[in-house]
Structures are given as C-alpha cells and as structure tokens.
1. Say whether the condition of being farther than 29 Å from GLU135 by Cα, part of a helix (DSSP H, G or I) and under 28 Å from the mean Cα position of the chain (by Cα) is met by at least one residue in region 207-215.
2. Take the residues in region 373-393 that are under 20 Å from LEU435 (Cβ atoms) and touching a residue at least 60 places away in the same chain (Cβ under 8 Å), then tell me which one is surrounded by the fewest Cβ atoms within 10 Å (Cβ to Cβ).
3. For region 376-392, state whether one or more residues are out of contact with any helix residue (DSSP H, G or I) (no Cβ under 8 Å at 6 or more places or on another chain), over 17 Å from THR525 (Cα atoms) and among the charged types (D, E, K, R).
4. Hey, can you tell me all the residues within region 235-276 that are closer than 19 Å to ASP518 by Cα and under 18 Å from the mean Cα position of the chain (by Cα)?
5. Mind listing whichever residues of region 447-460 are modelled with pLDDT under 90, surrounded by 16 or more Cβ atoms within 10 Å (Cβ to Cβ) and either under 22 Å from CYS374 (Cβ atoms) or of a type in the set (Gly, Ala, Ser) (or both)?
6. Any idea which of ALA424, ALA376, ALA400, ALA429 is out of contact with any Ser or Thr (no Cβ under 6 Å at 6 or more places or on another chain), in the same structural domain as GLY470 (by TED's automatic domain parsing) and farther than 25 Å from ALA451 by Cα?
7. If only one of GLY65, GLY122, GLY110 is within 31 Å of the chain's Cα centre (by Cα), more than 25 Å from GLU36 (Cβ to Cβ) and either at pLDDT below 95 or not assigned by TED's automatic domain parsing to the domain that holds VAL515 (or both), which one is it?
Amino acid sequence: MRRCLIFEDEHLLVVNKPAGMNTHAPSPYAGEGIYEWLRHREPHWSKLAIIHRLDKETSGVMVFGKTPAANRSLTEQFTNHGIRKSYRLLTDRPVRMGQLKAVSCLARAGERYVSQPVRAGGERAETHFQLLSTEPGRSVVLAEPVTGRTHQIRVHARELGFPILGDTLYGGTPAPRVYLHAAELTLKHPVSGAEMKFTAPVDFDADARLALREALIEEEETNAWRLIHGAADGWPEWYVDRLGDYLLSQGERPLSAEQKSELARLRERYSARGAYHKILTRQVRGASLRQVSPQLALGEAASDVFVVRENGVQFELSFAEGYSVGLFLDQRENRRRFLMNHVGAGFGGWMGNTPLKGAEVLNTFAYTCGFSVCAARAGARTTSLDLSKKYLEWGKRNFARNGIDPAQHDFIYGDTFDWLRRLARKNRAFDAVVLDPPTFSQSKEHGKFQAEKDYGRLVRAALPVLKPNGVLFASTNAARWEPEQFIESLTGAIRAAGREIARQHYVPQPPDFRVHRDEPAYLKTIWLRVA
C-alpha cells in the first residue's frame, strides 16, 4: 500500500488510487474499495473520512481526511469549488485541436447520465478540455472539471465526440480499463491554509490488471498473490498465481496457445524460474498424486519444497504433494489480521487492547497452519487441529522456518467435531477460534460435512470452547452460498446457544481476487466478538 501513498500528515492522507478498486464499496459483499482497504489496513487509518470519489476504473489522486478539522475544511473546499482537479484521458477518436468546453445539466437515465440544456435550478456541469498529444489511433486529452458532478468528464467527452477508451457505458471502445486518470489535485491545507499540489503521473500503456496488484502489495514483504482472476481480468475460467520464483496456472482444460503466450509474458515480467499448470477437477478421490498435482509448463522445475513470503512470514510450498500447494492466497489479509492484531475499523484487534503474549488460539481445519503461524508470531499460544498428519507436520516446518519452536504449541490430529467435544469436556477455553472448513468433506466417524447445511452445527460445536468476549473467525468459499445466508447461519447458531455478538466485521476476498459481474465473489469471511 505504501506504493500508493503520496502524502500523509496528522490531518491528510493522499493516495494514488489504482484502477479497478471502488472508491467506496457499494455493499459489504462486493469487494473492498480503496476506502475500506485503507481503514482496515492500519490502526491509525481507521478513522479516515472519504471526502470525494473516483469511479472504480478511474485511477489517480484521492485525498482523505484524518481529523474533524480536515473533514470540515475539505468538504467546504470541494463544495465551493476551491479544489482544482486535472485529469488525463485516452481516446481512440479524433479530437479537435485547441481548447474545448462543455456546459450542461446532467440527469440520470438508468446506469448512465445524460446531458440536458442548462436550466434554472438545474445542477450545472462544466468541463474544459485540451488536446495534449496525438498519434495514430490515440490521443491524450487534458480534462479540468469546474464542477464535480457524477460521471461529468465521461458524459462531456462523449458529447464532444471523443468518448474515453474503455468507457463502454458512454460509447467508448472496449478496453481493459476506463482510461481516465486524476493526475493533479490542488487544495489548501485544512490547518495551515498553505496551497498544496499533489500529482500522480499516469502510464496508460501499463497493464492495468497487474498495476492494481503491484500498487497494493509490498513485494519486499510479499511475493505470493493472484495475477489473473478469471473473467474479472479478461480470462474466463483461467487463474494465475505468483508463488515466489514460480507461477501457477489453473484451469479446467490444458493451456491454450494464447494462455501459454500470456504465461510466458508473466514469467518474464516477474523473472519467474518456471511456470506450472493445474487442471481444476472435482474428481480428486481415487486419482494418483501425479494426476492431481500441477505439471511443469514452462521453464525449470521447482524443487520438492520451495518457500514464499507473505507479510514477512515464510511458508513452505510444494507442487509435488497433490491438489493443494500449501497456502490459500485468498486468506492473506485475514492471516495479516492475526499477525497485526488489527481486524478492522470499528472492531479493533482480535484481542482488543489485551497483550497478545499468552493468548490462546484454536485453529480448526488447520491445513498447513498458516493462521497458527501468524497468531504465534504475534505472541499467541496456538492449537492446530487437522485430520491430516502430513499437513500438521508441514505446519510444524512452517513454525520452524519463522523461528518459532513448534514444541511450544499444540498440534492435534483428528476430526474437528470430535475434538471440539473433547476440549469442551476438558474445560479448555480459547481467546480466538478459527473455522475455515472445506466446502465439502467426509469422514468415517461423522459422515458428510457440507458447508451450506452444516456450518451452524460447526459453530454450535465451537462455542463451548470460546471464552466470553472471544473472537470467532469464520470463513467459507462455498460460491453459491449467498453472504446473507452465511451470516445468518452463524448469527442464528450463536443466538440459539444463548450468546450475543458484541462486534462483527465482514471481509470479502482481497483485491487481487477481483470481483466482477462475470466473476462474482465466492469467499465469505467474518470476524465475530462473542459475549
């Protein structure tokens, strides 16, 4: 996130918003916008105020208030048009030389806005344009809005005959993004009154999909994230992850020639040593290890075990151990919440203001113990529970790789439901319990577990071992299960057990797992403080 940061003092935060993030998420389930991302990212940003907005696919300078004085001053400056804004847009249509001006009233018509003649009492919109450069097939235009109406520049650019490239809502040619960028913002400091000018250079030739990831992820701390997320990034049913020195491609079919070419390009961009491809299938049971493991597609083969880093934590991965490689990247931000003891604005830390040293965390369905490692790094004593001895041993190695003695933590092999009952009978109690079960599983002792039907039962089994005012973290990737239904399953089970929810914080999948109309959100996670 520091790559996005332009300026910060005690009153203001100014960032260069990447294209592809909402300014403000339209619903809790639509993916985090830049505002939520910032407020949930750092404790001292939790009281940020959003003063103005940019469209999701518009990049560039945004200012946030950090104090009541800043909020009042910035709101007044925007209302009185005291803040000057300058944009750059790219179009593939011819633009007349010289300066152009559009003045109209804007009215909503469905998803769009339309220009109407200026009339008494109407909301007047005025935009000045100037051609900056032109070359065959494209022109860069300066746009300076005098007023600040919704979609104003986009409407006026179309009205003057040069809709913005990628802005299909207003007649633009389809493209990977809407090529509109807030390049400059000039305002008066809310306390000193000094004029301040903030700039964010634009590179319209950059890959917008990768620029979004690179703006939000600090590569010095993290080298594992999603590069291509299916249809949201223009590649339906194809997914590519960066895993340190290697790339992992996933799809339901072998790589096409076009996909292989793109994979080679990504490999060169990130200096990856090799790239693997995994066929996504539900027919895992009965298949051989080789059949379900990723296969080398480009470059050199990885060793049996290699290491990636995530938020400064090291994790072992392997392409030779079957369907899963050892880490689920979509939980990166939730692992960070354990690591930083900061869940989000309005929730605070998972241990509140209590020191982490000695806190007890139970991680069920622990897999390779990613949540446990992060909680242990933060000072907690962890208990990791899983039905696989192999994965628990893998988890112990992850502890050791991060300088944590696994002998100081508990690792329990067995069925989660069975052990929750045993722990309750032993009067064990935990400050936090992690529930991240598979969507579907089956055991000899307890039969089938299906998230949509049985999650409430799982919550009821976990509550007896959760301390009063403890934190329950619950997650599911059951794609067809609506978020509202998932939350009701949890809250209903808690109410039925006679306990109350003091705080709750819903978290969608991280921004590199982009949410799109053609690639809906699938991951649902929620933090609950249960009295």
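1. yes
2. Within region 373-393, the match that is surrounded by the fewest Cβ atoms within 10 Å (Cβ to Cβ) is CYS374.
3. Yes, some residue in region 376-392 is out of contact with any helix residue (DSSP H, G or I) (no Cβ under 8 Å at 6 or more places or on another chain), over 17 Å from THR525 (Cα atoms) and among the charged types (D, E, K, R).
4. Selection gives TYR239, VAL240.
5. Hit for region 447-460 is ALA451, nothing else.
6. Result: ALA400 is the single residue among ALA424, ALA376, ALA400, ALA429 that is out of contact with any Ser or Thr (no Cβ under 6 Å at 6 or more places or on another chain), in the same structural domain as GLY470 (by TED's automatic domain parsing) and farther than 25 Å from ALA451 by Cα.
7. Exactly one residue qualifies, and that residue is GLY110.
Residue by residue, here is whether (1) without any contact (Cβ under 8 Å) to a residue 24 or more places away in the chain; (2) of a type in the set (A, V, I, L, M) holds:
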position	(1), (2)
GLY33	yes, no
THR79	yes, no
ARG84	no, no
VAL95	no, yes
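The values are calculated or read from the model by the stated rules, or taken from the named source; none is laboratory data. These numbers come from a predicted model, not from an experiment. All Cβ positions, even for glycine, are placed from backbone atoms using ideal geometry, and neighbour counts span all protein chains on display.
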